[in-house]
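To start, the structure under review is shown below, and the notes come after it.
The values are calculated or read from the model by the stated rules, or taken from the named source; none is laboratory data. Just so you know, these numbers come straight off a predicted model, no measurement behind them. Note that each Cβ is placed from the backbone with ideal geometry, even for glycine, and that neighbours are counted across all protein chains shown. Ligands, DNA and RNA are stripped out before the accessible areas are found, and what is left, the full protein with its side chains, is counted by its heavy atoms. Shrake-Rupley method; radii C 1.70, N 1.55, O 1.52, S 1.80 Å.
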Amino acid sequence: MLKAVILIGGPQKGTRFRPLSFEVPKPLFPVAGVPMLQHHIEACAKVPNMKEILLVGFYQPNEALSRFLSNAQQEFKIPIRYLQEYSALSTAGGIYHFRDQILSGGPEAFFIMNADVCSEFPLLEMLAFQKEHGNTHVILGTTANRKQSMNYGCIVENQDTSEVLHYVEKPSTFVSDIINCGIYLFTPEIFEHIGLIFQKNQQDLLLEEQMNGWQRAEVIRLEQDIFTALAGREKLYVYKTDRFWSQIKSAGSAIYASRLYLNQYHKTHPERLANNEEGRPTIRGNVYIHPTANIDPTAVLGPNVSIGTGVTIGTGVRVRESIILHGATLQDHSCVLNSIVGWDSTIGKWARVEGTPSDPNPNDPYAKIDSETLFREGKLTPSITILGCNVNIPSEVIILNAIVLPHKDLNRGFKNQIIL
């Protein structure tokens, strides 16, 4: 028997995803036409003997999350529950707090997955790898280039056995080009190791004579507290994948993740990809169109475009490398490039909304997407353009490399600005 735990974080997290995370919890943001979390759940549902999927986070229960859980349970025919933390307990603290729920029913092993990654999720391969290595704990790893590796957890492995010899989270100097993908396979024994850290935290806090120490003692990090301690003890191994993987930390990375998933649909969900048909819009590359969208046949869409529910697209519209969210309207001859158009927003006739792609270096096979900062040297970093919900762009204006907060009626063009 197996289980899966998906760590979804909470509203204090995902700040780099604003203003999009104002409207919907980041894990439910649509990537390649479905909520980000659904890609994880689809992968887990394909694993034989998977009995339950648990979501752990500190979002308040809300209608969007409840509706998603209900629909996912019906679609995938597997129990899915949300376990709410009383406060942010970090990656190990959350699963330790709910260890009884995770261990209920006696699973042999369980997956831990961060919600803000996109991947091909080689879960079956990780299971086979775990059995080959004596049912130990497994980290999914991949190769990054030397410079970018320092932005991730770095793994030094025994090249013969794949044992993790050394683990450092975001080192200041180069340690290894093998990075942590945020997807793990543990046996129940992992809770013994987390429990030791919990006890140590309690003792440390008692020595400091701090109030509410029991709460703070539960804040435990898998990466810094657990993996660092287990490395070199023949208890932690790394399974390296050469399949696609990326973090989804910012809105720009959501467009890149959408491209990866749309490309994967050729193998996993060809029915989700639009085709060129007579009387339909021109499709270039991989495009997802929700059945409820109303699109003029003269529009040209793609590559890497995702069109949400109830979207209206007029005559001669061009959309490329973009996500168009529920209820948006793109009026005649407008152009949207490298952008996310928010819920119920309107782009006027002949208007142009354009951003700067933040893709990895195409000439480096090990390059990852950079977690760009919003500002550099006091200026807004050129990146994709984001329109929050209910934004109105007038006709014949240009919005370039801008972030527009929700409920704005613009009366002119903007460039390299955050419009409050």
Could you tell me which of the residues S104, S90, S119 is more than 28 Å from K240 (Cα to Cα) and polar (S, T, N, Q)? S104
Return the only residue of F68, F17, F58 being over 21 Å from S90 (Cα atoms) and either open to solvent by less than 20 Å² (accessible area, probe 1.4 Å) or touching a strand residue (DSSP E or B) at 6+ places or on another chain (Cβ under 9 Å) (or both). F68
Which one is most open to solvent (accessible area, probe 1.4 Å), of the residues in the stretch 317-360 that are small (G, A, S) and within 14 Å of A254 (Cα to Cα)? S358
Is there a residue being crowded, with 18+ Cβ neighbours inside 10 Å and in a strand (DSSP E or B) anywhere in the stretch 361-380? no
List pairs: first residue in the stretch 266-286 and touching a residue at least 24 places away in the same chain (Cβ under 8 Å), second residue among the basic types (K, R) and part of a helix (DSSP H, G or I) anywhere in the structure, Cβ distance under 9 angstrom, at least six positions apart or on different chains. N286/R259
I'd like to check which helices (runs of 4 or more DSSP H) are fully inside the stretch 1-115 and have at least 3 residues that are more than 25 Å from K267 (Cα to Cα). 63-76, 90-97, 99-103
Residue by residue through the stretch 20-51, note down the ones that are buried (at least 23 other Cβ atoms within 10 Å of the Cβ), β-branched (V, I, T) and more than 16 Å from R81 (Cβ to Cβ). V31
Among all residue pairs at least 6 apart or on different chains, which show Cβ distances below 8 Å where the first residue, located in the stretch 122-137, is over 24 Å from A229 (Cβ atoms) and the second is among the charged types (D, E, K, R)? P122/R243; L123/K46; L124/K46
Within the stretch 125-177, can you find the residues that are under 28 Å from K46 (Cα atoms) and touching a Cys at 6+ places or on another chain (Cβ under 7 Å)? L140, G141, T142
Name every residue in the stretch 274-316 that is in contact with a helix residue (DSSP H, G or I) (Cβ under 8 Å, 6 or more places away or on another chain) and crowded, with 22+ Cβ neighbours inside 10 Å, in order of residue number. N286, V287, Y288, N304, S306
Could you run through the stretch 95-114 and say how many residues are surrounded by fewer than 16 Cβ atoms within 10 Å (Cβ to Cβ) and either under 23 Å from the mean Cα position of the chain (by Cα) or basic (K, R) (or both)? 1
If you go through the stretch 69-84 one residue at a time, do you hit one that is touching a His at 6+ places or on another chain (Cβ under 9 Å) and touching a residue at least 40 places away in the same chain (Cβ under 8 Å)? no
Just checking, which of G310, G327, G302 is of a type outside the set (D, E, K, R) and at pLDDT below 95? G302
Within the stretch 303-327, of all residues that are of a type in the set (G, A, S) and in contact (Cβ under 8 Å) with a residue 24 or more places away in the chain, the one farthest from L405 (Cα to Cα) is G314
